[in-house]
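The block underneath contains the structure these notes are about, expressed in structure tokens.
What follows is calculated from the coordinates using simple rules that are stated; it is not laboratory data. Small disclaimer: the values here were computed from a predicted structure and weren't measured. Counting neighbours? That spans all protein chains shown, and the Cβs are built from the backbone with ideal geometry, glycine included.
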Amino acid sequence: MTRSVLQERAGRADLAPVRSVTILGATGSIGTSTIDLIRREPHRYRVEAVTANSNAQALAQCARLLGARMAAIADPAAYGELKSALAGTSIEATAGPDALVEAAERPADWVMAAISGATGLKPTLAALRRGPMLALANKECLVCAGAVFMREAAVRDATLLPVDSEHNAIFQALGAGHRDDVARIVLTASGGPFRTWPVEAIRAATKEQALRHPNWSMGAKVTIDSATLMNKGLELIEAHHLFGMPSERIDVLVHPQSIVHGLVEFSDGSTVAQLGPPDMRVPIAHCLAWPDRLASSAARLDWTKVARLDFEQPDTRRFPALALARSALETGGAAPTVLNAANEIAVRAFLDARLGFAAIAALVERTLDAAARDGVLGEPATIDEALVVDQTARSLATALLPEVAAKDR
Ligand code: NDP
């Protein structure tokens, strides 16, 4: 690259107007990394609103550190604690599910959607409707109501920036050619802590073992999903909606080093990939500054030490959750919504020691079968319809849980 191009790029970043941002799910793993990046370049950002579920002290601390205008907490019982933790500041404190939607609706150029689970749907949609740049970490929006979200994004002319490292990698690699020339996309998976374990050992895996991810540091739910490979299954569904690709043109490869995050194969045989350290600050920085770049404190890869890059086919016999997710994507309609809801119930039960590791996928499969029998797999036309299916699937999974847990013992 010539010196003049470098100077032009540097100049553009310096002159970029201050970006107003809102962080939904500010106290979580993604929220904390986002805050870390913003605090390194405070002159580039002004924080409008931050939200959390019930952790009032952590939310007040985020709001104070960032000089946010509003802090919204979902749990109404936490309002008093939030209010007193913000005493002496001009930060507005609000509480309740409506307060989260209100926070999302406030004028911000850029919104990070990092609330975990299906509860993230309404606030994220509220943010999307304003048509800003939406950095999407919450997978459930696309998994539970992908068609609704993508339609709304198109109508509002919103820019969707994928935060998930694999989708962010694909997003970056797609810039190398025309959409029509893409032959297939490949999402990589670390394989999780049980990649090399035999099926019987996986069946007996404990919570502590499942939470020990070899490469990434993440919230508990997504870490368990990485161990079952359901995370990759949810990402498959996410990728289908984000990039408008059919299931047969989205592949998954296990790549234990977690250095290549995603690949795009073009029709001429060229493959373009994005590589980086397994640190969520890299894709978050990409979204935060997009279309510019932001200096991140993430460790740099030392290429002389990257001795090898391995790729292998995922084993869906040992990790059936991935096959269940692909089948739900191909079934379409509300099958992905049911898959996601049943998985949330199953992971919660596993974390509470009410369900064995192998029974997570078993419960999801039984719930999908029951939902098909009950005729609840029609395509949700709105977020409210998706949330009704979500609740129905949760009830089905909860009812089936004791039987599935007993069978697994
Ligand atoms: P965490 O569990 O670490 O944080 C979740 C955030 O959402 C917290 O701020 C939490 O508040 C808030 N929250 C949880 N439940 C509710 C609720 N019912 N109402 C309102 N707010 C709520 O999750 P992560 O940061 O790990 O993940 C966030 C999303 O990003 C998930 O959808 C995940 O799949 C996705 N993702 C995460 C990655 C990662 O590396 N962590 C990678 C790619 C995607 P409180 O602190 O009060 O509980």
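Scanning for something within 12 Å of the ligand (Cβ to nearest atom), buried (at least 23 other Cβ atoms within 10 Å of the Cβ) and of a type in the set (Val, Ile, Thr), does the stretch 157-180 turn up at least one residue? Yes, that holds for at least one residue. Screening GLY375 on (1) on the phi < 0 side of the Ramachandran plot; (2) outside any helix (DSSP H, G or I) shows it passes everything except condition (1). Going through (1) part of a loop (DSSP other than H, G, I, E, B); (2) of a type outside the set (Gly, Ala, Ser); (3) surrounded by 13 or more Cβ atoms within 10 Å (Cβ to Cβ) one by one, GLU265 falls short only on (1). Can you pull out the residues in the stretch 116-125 that are near the ligand (Cβ under 8 Å from one of its atoms) and either assigned to a loop (DSSP other than H, G, I, E, B) or more than 12 Å from the chain's Cα centre (by Cα) (or both)? Passing the criteria: SER116, GLY117, THR119, PRO123. Among the conditions (1) of a type in the set (A, V, I, L, M); (2) away from the ligand (no atom under 16 Å from the Cβ); (3) touching a residue at least 12 places away in the same chain (Cβ under 8 Å), the only one that ALA307 does not satisfy is (3). Within the stretch 93-115, restricting attention to residues that are among the charged types (D, E, K, R) and under 23 Å from SER33 (Cα atoms), the residue that is farthest from the ligand (Cβ to nearest atom) is ASP109. Residues that are more than 18 Å from THR228 (Cα to Cα), touching a strand residue (DSSP E or B) at 6+ places or on another chain (Cβ under 9 Å) and not in a loop (DSSP other than H, G, I, E, B) within the stretch 245-262 comprise GLU248, ARG249, ILE250, VAL260, HIS261, GLY262, listed in sequence order. The strands (runs of 3 or more DSSP E) falling completely within the stretch 18-86 that include 3 or more residues that are within 20 Å of the chain's Cα centre (by Cα) map to 19-24, 45-52.
Note on the stretch 126-147: among residues that are within 15 Å of the chain's Cα centre (by Cα) and more than 9 Å from the ligand (Cβ to nearest atom), the one that is surrounded by the fewest Cβ atoms within 10 Å (Cβ to Cβ) is GLY146. Of all residues in the stretch 378-409, those being of a type in the set (S, T, N, Q) and not in a helix (DSSP H, G or I) number 1. Annotation note: Cβ proximity below 8 Å between a residue of the stretch 284-298 that is under 13 Å from ARG44 (Cβ atoms) and a residue that is outside any loop (DSSP other than H, G, I, E, B) and aromatic (Phe, Trp, Tyr) (sequence gap 6+ or interchain) occurs for LEU288/TYR45; LEU288/TRP110. Kindly evaluate LEU339 against the criterion of being buried (at least 22 other Cβ atoms within 10 Å of the Cβ) and either out of contact with any helix residue (DSSP H, G or I) (no Cβ under 7 Å at 6 or more places or on another chain) or assigned to a helix (DSSP H, G or I) (or both). Yes.
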